[in-house]
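A quick write-up on the structure given underneath.
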Amino acid sequence: MPERTVVIASRAGLHARPAKIFVEAAARQGTPVRIRVGDGKPVPAHSILAVLALGAVHGTEVTLDADGPDADAALDSLAALLSRDLDAEENVHE
Amino acid sequence: MSESAAGATLRGLGVSPGLAAGPVCRMEDPSHLRGRPWTAASPAEEADTAVRALLAASLGLAALAEKAAEPEARAILEAQSLIAADPLLQEAVRENVRDGMHALDAVTAACDHHRDALLAAGGHFAERAADLADIANRAVAAALDVPMSAIPDPGHPYVLVAEDLSPADTVTLDPATVLAVITERGGPTSHTAILARARGVPAVVACRGARELRDGTPVTVDGALGEVRTGVGDAEAAEVRRREAARRSRLRASTGPGRTADGHPVKLLLNIGSAADLDAEVSAEGVGLFRTEVLFLDRRTAPDMDEQVAAYEAVFRALPGDRVVVRTLDAGTDKPLPFLGLPEETNPALGVRGLRVARARPDVLDAQLDAVAAAARATGVRPWVMAPMVTTVAEAADFARRARARGIAHVGAMVEVPAAALQASRLLAELDFLSVGTNDLSQYTCAADRQHGELADLLDPWQPALLRLVAECGAAGRRAGKPVGVCGEAAADPLLAPVLAGLGVTSLSMSGPSVPAVREALAARTLAECEEAARAALEADGPAEARARAGADRPERDPDA
């Protein structure tokens, strides 16, 4: 199964606004994506509760996985999202 | 409740000054949702009902988010709306129904389960746990088709009456329609009190008998006296509104340095977490508390030198010529930061926190002092620097040595521990200034957890024992000719400001919106009157008596009367 490992770049971690942006992006993918921290249990990336409960802070390494024909594209776009500081971008936009 | 021909007077704690007159509108306590009769249908229907209820809660929260005034409030409500629609929550609800629960119990149990998961994640994640209790209430209300307890929206301005307000309630509190807030419970440091002061809404908390007030009853509220009157006529209501309008226009026009009526200076300073908190609208004389924790939160590694220097420079550059008091990192086992690597403690409030972290990690303190010194050199600003949780003279001396070695000229300590207040004179032999942090000093003086809602009376800054410790610091400052400030909720209380000035406090540091009312309160009294009020408050046996003796329970002077 294709995977991507990425470090959380957002200052607040995968919490608040960044978590919301990520979960909504995951829900828009054509294929179910899962996320885990280290060897932890993979959880659905489109669930805000599951993502918050990961407790991933700034600098935490997370791994995304998915299956199916769209898997690589979905993983690439979500990994790119996590490697940006979503808090900082929000400040620029508002 | 004292009945008379003119109506009744209810008394509580005045926590946010100002006057209001208007009809009561009640907010129902969510506990009315529990134990309602429910006739269960087939499991399939129960599951669908439960899921629909969650989605209704989600939509309701999204609608509230649209209406929220501040971006922070909107973000909180949007996230909460997303949580209510979470697929895992729906899965848990269906599973609970399969296990034999009816729709309402299934919703409540599912929310409880996920709340526990967030609490286990800790830190900021745990803060979202309270959202789930609120979601459960909203979904149950939707299933029952009864209105959710929420800030009412009757379509006209009103006086809000509630048991107490939750953080989620307060984000939607609109000062344009809520004339005043009255709560049956709560204390001077409760969420309601802090938020009402920040938004300039008059508030009376711990008001016994408030729950007997009926919708539509015309009342007047005095948020300074803590007085609520029913049975007031139109003429009296109009007079109250006129006085409030006059008070507000005075506050809007208020600028300039803090002074008593006879010109004794009491500096008015701001509490900030970063340069973003500096409000150009507020006229103040500098920053009395720059909390540097913001930079360190949620970090697995310490912020590097460049990042720290840049954050301090941003604040220094925004305030050239003004006083800036930087507080070194106030973290520890009470506010854990992963990179500090501190072990868990059974009693973090009494554990390794504040300056005590330097016992294990002196490198973190030294690096921060290096960064402050570098930012000072780069900007030409001469910051004052203080350490949190200083307890002994030896700690103060060690901190002063580290700071002065880096060229920092003004070195001080927060007084949050009674031991430090009692040794104030000795501390000032080592230091240049003190700043009394009344929130923690209350907690440690009266041995009452700051977060404990049931013990709010012990955390009242008018507790005479707390005032005695402030007096100790003020007297030490006068003897040494060195500044003694107050930061914390007490500094934002316009009624307490003259008392603190009378105790020898030379600066008050608070959030921006609190500044005008504190400035006005100081300007209304001479230093001699402040000292008299302070003496009277110190002789009291309790907070209510201290307020009464200090004259804080008298109506404020009305120059227009």
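A short reminder: the numbers here are calculations on the coordinates, not readings from a lab. A quick note: this is a predicted structure, and the numbers were derived from the prediction, not measured. With ideal geometry, Cβ positions are generated from the backbone for all residues, glycine too; neighbour counts draw on all protein chains shown.
Numbers for the structure displayed
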{"read-out": "Expected 222 nm ellipticity per residue - DSSP helices of 4 or more, -39500 (n - 2.57), all of chain B, to 500", "value": "-13500 deg cm²/dmol"}
{"read-out": "For the range B:212-217, Karplus couplings with θ = phi - 60° (6.51, -1.76, 1.60), whole Hz, Gly/Pro x", "value": "7, 5, 9, 3, x, 5"}
{"read-out": "Where N is the number of residues in chain A, Cα Rg divided by 2.2 N^0.38 Å", "value": "0.98"}
{"read-out": "Fraction of alpha-carbon pairs over 41 Å apart in the protein assembly as shown - percent", "value": "33 percent"}
{"read-out": "Gain on full stretching of the segment that runs from B:Glu545 to B:His32 - 0.36 nm per residue minus C-alpha separation", "value": "181.1 nm"}
{"read-out": "Charge dipole (debye, nearest 20) of the range B:31-144; +1 at Cβ of Lys and Arg, -1 at Cβ of Asp and Glu", "value": "260 debye"}
{"read-out": "Rg over Rh [alpha-carbon atoms, Kirkwood Rh] for the range B:10-98", "value": "1.13"}
{"read-out": "For the range B:405-480: relative contact order, % (alpha-carbon pairs under 8 angstrom, 6 or more apart)", "value": "35 percent"}
{"read-out": "Whole-Hz ³J(HN,Hα) from phi, Karplus 6.51 cos²θ - 1.76 cosθ + 1.60, for the range A:38-47, glycine and proline x", "value": "x, 8, x, 6, x, 10, x, 6, 8, 9"}
{"read-out": "Stokes-Einstein D for chain B, Kirkwood Rh over Cα pairs, 25 °C, 0.890 mPa s (µm²/s)", "value": "97 µm²/s"}
{"read-out": "With at most 13 neighbouring Cβ atoms within 10 Å, loop trypsin sites (Lys or Arg not before Pro) (DSSP) excluded, longest segment of chain B", "value": "B:215-556"}
{"read-out": "Packing-based ranking, highest mean first, of A:43-50, A:62-69 given that Cβ atoms within 10 Å are counted", "value": "A:43-50, A:62-69"}
{"read-out": "Cα-based convex hull, the range B:445-528, per residue volume (Å³, whole number)", "value": "101 Å³"}
{"read-out": "Kirkwood estimate for the range B:242-292, i.e. one over the average of 1/r between Cα atoms, Å", "value": "12.8 Å"}
{"read-out": "Those aspartates and glutamates that a straight Cα-Cα span of less than 12 Å connects to B:Lys482, excepting residues fewer than 8 apart in one chain", "value": "B:Glu430, B:Asp432"}
{"read-out": "Calculated P(r) tail over 20 Å for the range B:333-413, as whole % of Cα pairs", "value": "37 percent"}
{"read-out": "Top of A:Ala16, A:Ala79, A:Ala25 by mean-square fluctuation, Gaussian network on chain A, Cα under 10 Å", "value": "A:Ala16"}
{"read-out": "Cα centroid separation, the range B:84-100 to the range B:406-433 (Å)", "value": "56 Å"}
{"read-out": "Long-range HN-HN contacts of B:Leu179 with modeled amide H, under 5 Å", "value": "B:Tyr158, B:Val159, B:Leu160"}
{"read-out": "Value in Å of the Kirkwood radius, where the range B:256-524 supplies the Cα pairs that are averaged", "value": "18.6 Å"}
{"read-out": "Potential extension, B:Arg208-B:Asp48 segment - 0.36 nm per residue separation minus Cα distance", "value": "53.3 nm"}
{"read-out": "³J(HN,Hα), Karplus 6.51/-1.76/1.60, whole Hz, each residue of the range B:539-544, x for Gly, Pro", "value": "7, 6, 9, x, x, 5"}
{"read-out": "Helix B:362-379 vs. chain B, principal-axis angle (Cα, 0 to 90°, nearest 10)", "value": "70 degrees"}
{"read-out": "Cα-derived Rg over Rh, computed across the range B:299-360 with Rh taken as Kirkwood radius", "value": "1.08"}
{"read-out": "Acute angle (nearest 10 degrees) that the helix B:103-121 long axis makes with the longest principal axis of chain B, alpha-carbon atoms", "value": "20 degrees"}
{"read-out": "Ratio Rg/Rh, restricted to the range B:31-144 and using Cα atoms, in which Rh is the Kirkwood radius", "value": "0.99"}
{"read-out": "Candidate aspartates and glutamates for bridging to A:Lys41, where Cα separation is under 17 Å - those fewer than 8 sequence places away on the same chain excluded", "value": "A:Glu3, A:Glu61, A:Asp65, A:Asp67"}
{"read-out": "Reachable aspartates and glutamates from B:Lys67, criterion Cα separation under 20 angstrom, eight or more residues apart if same chain", "value": "A:Glu90, A:Glu94, B:Glu78, B:Asp131, B:Asp134, B:Asp153, B:Asp169, B:Asp174"}
{"read-out": "Relative contact order (%) - criterion: Cα under 8 Å, at least six apart; region: the range B:31-144", "value": "33 percent"}
